[in-house]
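Engineer: Take a look at the following structure, please.
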Amino acid sequence: MIKKIGNLNKNKIISRRLFVLVTAKIGLLGIVTSRLYNLQISQKQKYEFLSDKNRIREWKTPPQRGIITDYFNNVIADNKRVYQVHLSLEEVSNFNNSIFKLKNIISLKEDEIKKIYEKKEKSKPWDTLIISENLSWNEFSKLNLYLHELDGAKPVLSTSRYYPYSNDLVHVVGYVGDATTQDIQNKKKIEENFVPGLKVGKIGIENSKDTDLIGNHGTKRYEVNASGKKISEISYNKETQGKNLRTTIDLKIQQLAQELLKNQAGSICVMDIYSGEVITMASSPTYDPNKFTHGISTKDWNKINNNKLRPLLNKSLAGLYSPGSTIKPLVALAALEYGIIDTKFKVNCKGHDHPYELYGERYHCWKKNGHGWMSMRNAIKQSCDIYFYEVARLLGVDKLSLIAKRYGLGSKVLKDFFSEEKKGIVPSTKWKKQVLEQPWYLGETVITGIGQGYIQTTPLQLCLMTAQLANGGFKIKPNLIYDKEIDLDIIKSKIESEKIKSVSQNILKNHEFKYYERLYRNPNNLKFVLDAMYGSTNEQFGTSFRSRHKEDKYKFAGKTGTSQVKRITDQDRELDLDLEEIEYKSRDHALFIAFAPYDKPRYSLSVLIEHGGSGSKAAAPLAKKLIKKILDRHELREKIRKDLKNIA
Amino acid sequence: MILSTSLNSTSYSFIDKLKAVDYFLIIIVSIIGSMSVFAIYSTESGNFSFYTKNHLIRFLVFFSMFLVLSFVRVSFWYRQAYIFYILGILLLLLVIFFGISASGSKRWVNLFIMNLQPSELMKIAIIVCFARYYHRIQSSDIQSYKFLLQPIILLLIPCYLVITQPDLGTAILIAGSGLAIIWLAGLNLKYFIYSGLILLVSLPFVISILKPYQKSRILTFFNPDRDPLGAGYQIIQSKIAIGSGGLLGKGFLQGTQSYLEFLPEKHTDFIFTLFSEEFGFVGSMVLILLYALLIYRIIRIGFSSRSFFAKLYCFGFASALFLYIFVNIAMVVGLLPIVGAPLPIMSYGGSSMLSIMLGLSIVMSCKIYSRDTIGS
């Protein structure tokens, strides 16, 4: 009986206790269910995103750079097929071993191996490492032969930058190299499209137009597993090639210019005096841009960097030189424009025995025996220094400075297109006070009149100055990249309407000019100066008479210049040494500016030979050869111009 | 014959026995079993190979065993309860001396036909043992110190042996099942409160004796982002898998998290994660509902049993089963630390399957022989 009661009691307890347990179970079940609801319904999107992030990985594919051509569509920067070997890190079992094997198949130098290890440190385990960017066909076929022994190694056909005319255009086109951290930070376009191994422009057009040339990277999306192994391709957003660029350069003239400058340090610039197209911008010595594409070797770099003629310096726009006598037409023009003197003004040049004197300082003409009585035309033609000392003194440096700047000196010709372009110096009293914090001396005005002293110009500025004199005194817009907005017919009609406009009150004051606006007060002043330059080249006693073309269609007008690199002492004058006897570094720079053809000017040019001696001997003869080529190619260029206009 | 005369029992005809079988329970178990085969098949990316084959064979063998053993008279289990317990302890001791190690812990003994994990068997043994223990004790005696101390010792021995393997998860499950029965038997609530307080006080000491990996798992539980590629990896990936499954799931064999090997242990402890990724919230609910029905059927059998042993066993086993399921699911959804507890029937693993099927066969035996009253 007791037992039965006990059992009943126990049964009652167990039921009650079970009830509590079941209640607890239902509660816990509720917690689990709400958790599942929370994960799978409420936060589904978050976890879906995380799941996709897990399983999908993106690989960027490099874009191809745009092609650069000259005006005639000759390719000057191309993409060439190259053989490469990549190493897929996730498939490599033993990295050291793989590198060792690769070293035996393709020739890897010690410093290259070091770089590979450095790169490996920075990569992620699923990255692909570029072991060699440019294999020879022999190496590539050998690699394919041994491929089964090389886990993770992949032979890859890729493209890389190639400059078919190597040295000839390096100062215009520039070169490419691996993007540095700085490149990535500085240019958004590079940052957005960065892919390991991406080449970016380092200098020249490659650098200036990088944003256009790079193109857009592609994206390959793969499904990957937990260890990063690619399982399948989900999508491939193809990369797009960068924009192709047509430059204004004429390859053939550029090549001739480089040829003429061979073994010398110097520059040749050629410009269309109406469109402002830079047709040639040669600088010597040159170097091979192809060597930079895959990283230049230390040996090659040292060879370029240690060359005393400074191949890396783009002399056309980053080399600064005293313009010497090439500035004389401008000095004469300034004096005429301000009405300081007229063309009949005469000065007697009496030779070294009776130099020009000012406050006890003596200033000599280059001609030992003197020129005798000189009028303005003759002074330009024969480049008499004494005459221009006097004209400069009467004119004053500030008026000269104003006109010099107006015609293109003292500012960057291509604006900020090239980072290395220099402004040069066009001195004035104000400039000296501000920069050197010293008063101006009249003696400094006198030597500025023959392009010496503080004045510093680039060859491209001299070319622009010549162009703006030769086109009759109109401001033009220099350019290096073909621009369909710059239309010759429109420019010419603008100029015609400017010619008949009444002259502005401010013409002799300092103010900003718009493109194709007239820069002169009286057109006769310009005509006179250009005629004097004609005399300089085509008449006896002219400084570049020996470099003239006799045929009418090639006839050009020019002005020589010989700029001193050091002060000539009385002792030097006494010795009167030949060029070969002077130490190279002390020799004068030879300069020449010209425009052609004379009767219907179209092209301007400047020639500079560093330490070449006199302008008439070293520079003018090059111009003669060049002008023939330029004029011979004129018809062809005009045809292309028409075609391009029709396409547009 | 001796059996039936020595106990106050009724005799059953074969037809009676067949009639008494709970077919509904058998159906539920076979449904969960089939689902488990498909889930394991999915862990192998839809290849019928090693794991799927093994799992299918084990399920079929142990399911048949369950059906056969169901006809063993429940009094047999009553009488052999302590033997069962001792056998379990002996096997656990055997693990210490002849055990097989895998990934840092020694849990298995080689029985030639299979590698047995005695701790899994112990989960059932402790329930049977306690059911018998409390069957004999008068309700008035339960609260006495003698009858309080004995079961605690009985419980501590296997728990200690399992913890030292080390296998914290199974130890917790054994302890939990044991405590559930002690609770059902009617031990005063205050003892549970006292021991709870003692546990809380001794917690720092317990933590100090934990293995470094166990500590890191617990720390990771509180902050999975502490070490996302190390200790926190499993739980983060598991949550991503479940969460990305959404309402209806990614579809059978379409679970990217498991297919692409982001999920660790996907065929054992994280099988629910895979299932939930592929079949979503709806699938998970269906599975949980099946488990709930299973537990409900077991409790129902307990109610219909006349003997206290059978009642206690059924309720105890139902609670233990619930505990296993809850701990596993709570673990993979990030509600509990990762302690290593398989999901009954679903998870790959022979010993777990064996013990669950054995446990179910005793339940069925309670059903078939429900009219038996056990006791001297």
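Engineer: Given the structure, is A:Tyr534 assigned by TED's automatic domain parsing to the domain that holds A:Leu605 and either within 13 Å of A:Ile380 (Cβ to Cβ) or of a type in the set (Val, Ile, Thr) (or both)?
Structural biologist: yes
Engineer: Specify the residue that is farthest from the chain's Cα centre (by Cα); the eligible residues are those in the stretch A:537-566 that are of a type in the set (D, E, K, R) and within 17 Å of A:Pro323 (Cβ to Cβ).
Structural biologist: A:Lys566
Engineer: Here is a check on your reading of the model: is B:Ile325 surrounded by fewer than 24 Cβ atoms within 10 Å (Cβ to Cβ), part of a helix (DSSP H, G or I) and at the interface with another protein chain (Cβ under 10 Å from one of its Cβ atoms)?
Structural biologist: No: the conditions fail for B:Ile325.
Engineer: When the stretch A:546-570 is examined, which residues are found to be closer than 18 Å to A:Cys365 by Cβ and either touching a residue at least 60 places away in the same chain (Cβ under 8 Å) or not in a loop (DSSP other than H, G, I, E, B) (or both)?
Structural biologist: Within the stretch A:546-570, A:Lys559, A:Thr560, A:Gly561, A:Thr562, A:Ser563, A:Gln564, A:Ile568, A:Asp570 qualify.
Engineer: If you don't mind, another one. Could you tell me whether the stretch B:279-287 includes any residue that is of a type in the set (S, T, N, Q) and surrounded by 24 or more Cβ atoms within 10 Å (Cβ to Cβ)?
Structural biologist: Looking for residues that are of a type in the set (S, T, N, Q) and surrounded by 24 or more Cβ atoms within 10 Å (Cβ to Cβ), one finds at least one in the stretch B:279-287, hence yes.
Engineer: What number goes with the only condition from (1) part of a strand (DSSP E or B); (2) more than 14 Å from chain B (Cβ to nearest Cβ) that A:Tyr222 does not pass?
Structural biologist: For A:Tyr222, the exception is condition (2).
Engineer: So which residues in the stretch B:191-216 are at pLDDT 80 or above, among the aromatic types (Phe, Trp, Tyr) and surrounded by 10 or more Cβ atoms within 10 Å (Cβ to Cβ)?
Structural biologist: B:Tyr191, B:Phe192, B:Tyr194
Engineer: Continuing with the same structure: Just to verify a result, which residue in the stretch B:167-192, among those that are aliphatic (A, V, I, L, M) and away from chain A (no Cβ under 14 Å), is farthest from the chain's Cα centre (by Cα)?
Structural biologist: B:Leu168
Engineer: Under 6 Å between Cβ atoms, at least 6 apart or on separate chains: pull out the pairs that start in the stretch A:501-518 with a residue that is in a loop (DSSP other than H, G, I, E, B) and end on any residue that is surrounded by 10 or more Cβ atoms within 10 Å (Cβ to Cβ) and of a type in the set (Lys, Arg).
Structural biologist: Listed by first residue and then by second, the contacts come to A:Val503/A:Arg521; A:Phe513/A:Lys475; A:Tyr515/A:Lys475; A:Tyr515/A:Lys477; A:Tyr516/A:Lys494; A:Glu517/A:Lys475.
Engineer: Since B:Val286 meets every condition but one in (1) part of a helix (DSSP H, G or I); (2) in contact (Cβ under 8 Å) with a residue 24 or more places away in the chain, which condition does it not meet?
Structural biologist: All conditions are met except number (2).
Engineer: Quickly run through the stretch A:293-329 and pick out the residues that are surrounded by fewer than 24 Cβ atoms within 10 Å (Cβ to Cβ), among the hydrophobic types (A, V, I, L, M, F, W, C) and either not assigned by TED's automatic domain parsing to the domain that holds A:His634 or not in a loop (DSSP other than H, G, I, E, B) (or both).
Structural biologist: Those that are surrounded by fewer than 24 Cβ atoms within 10 Å (Cβ to Cβ), among the hydrophobic types (A, V, I, L, M, F, W, C) and either not assigned by TED's automatic domain parsing to the domain that holds A:His634 or not in a loop (DSSP other than H, G, I, E, B) (or both): A:Trp301, A:Ile304, A:Ala318.
Engineer: Then there's this: Going by the conditions given, is B:Lys146 away from chain A (no Cβ under 14 Å), of a type in the set (Lys, Arg) and under 27 Å from A:Thr23 (Cβ atoms)?
Structural biologist: no
Engineer: If we only count helices (runs of 4 or more DSSP H) wholly inside the stretch A:44-161, which ones have 1 or more residues that are of a type in the set (Val, Ile, Thr), at pLDDT 85 or above and over 35 Å from the mean Cα position of the chain (by Cα)?
Structural biologist: Result: A:95-105.
Engineer: Sticking with this structure for a sec: With free of Cβ contacts under 8 Å to residues at least 24 places away in the same chain and within 19 Å of A:Val331 (Cβ to Cβ) as the only criterion, which of A:His371, A:His364, A:His354 stands out?
Structural biologist: A:His371 is the lone residue from the list that is free of Cβ contacts under 8 Å to residues at least 24 places away in the same chain and within 19 Å of A:Val331 (Cβ to Cβ).
Engineer: OK, next. Scanning the stretch A:604-616 for residues that are in contact with a Leu (Cβ under 8 Å, 6 or more places away or on another chain) and not polar (S, T, N, Q), which turns out surrounded by the most Cβ atoms within 10 Å (Cβ to Cβ)?
Structural biologist: A:Leu608
Engineer: Which pairs have Cβ atoms under 6 Å, sit 6 or more apart or on different chains, and link a residue in the stretch A:130-157 that is within 16 Å of A:Ser107 (Cβ to Cβ) to one that is acidic (Asp, Glu)?
Structural biologist: none
Engineer: Taking the residues in the stretch B:232-262 that are touching a residue at least 40 places away in the same chain (Cβ under 8 Å) and within 7 Å of chain A (Cβ to nearest Cβ) as candidates, determine which candidate is surrounded by the fewest Cβ atoms within 10 Å (Cβ to Cβ).
Structural biologist: B:Lys239
Engineer: Report whether or not B:Met331 is within 11 Å of another protein chain (Cβ to nearest Cβ), free of Cβ contacts under 8 Å to residues at least 24 places away in the same chain and over 14 Å from the mean Cα position of the chain (by Cα).
Structural biologist: no
Engineer: Assuming A:Asn79 fulfils every condition listed in (1) buried (at least 16 other Cβ atoms within 10 Å of the Cβ); (2) within 14 Å of chain B (Cβ to nearest Cβ) apart from one, which condition is it?
Structural biologist: A:Asn79 satisfies every listed condition except (2).
The values are calculated or read from the model by the stated rules, or taken from the named source; none is laboratory data. Here the structure is a predicted model, which is why all the values come from computation and not from measurement. Quick reminder, even Gly has a Cβ in these numbers, built from the backbone with ideal geometry, and neighbours come from all protein chains shown.
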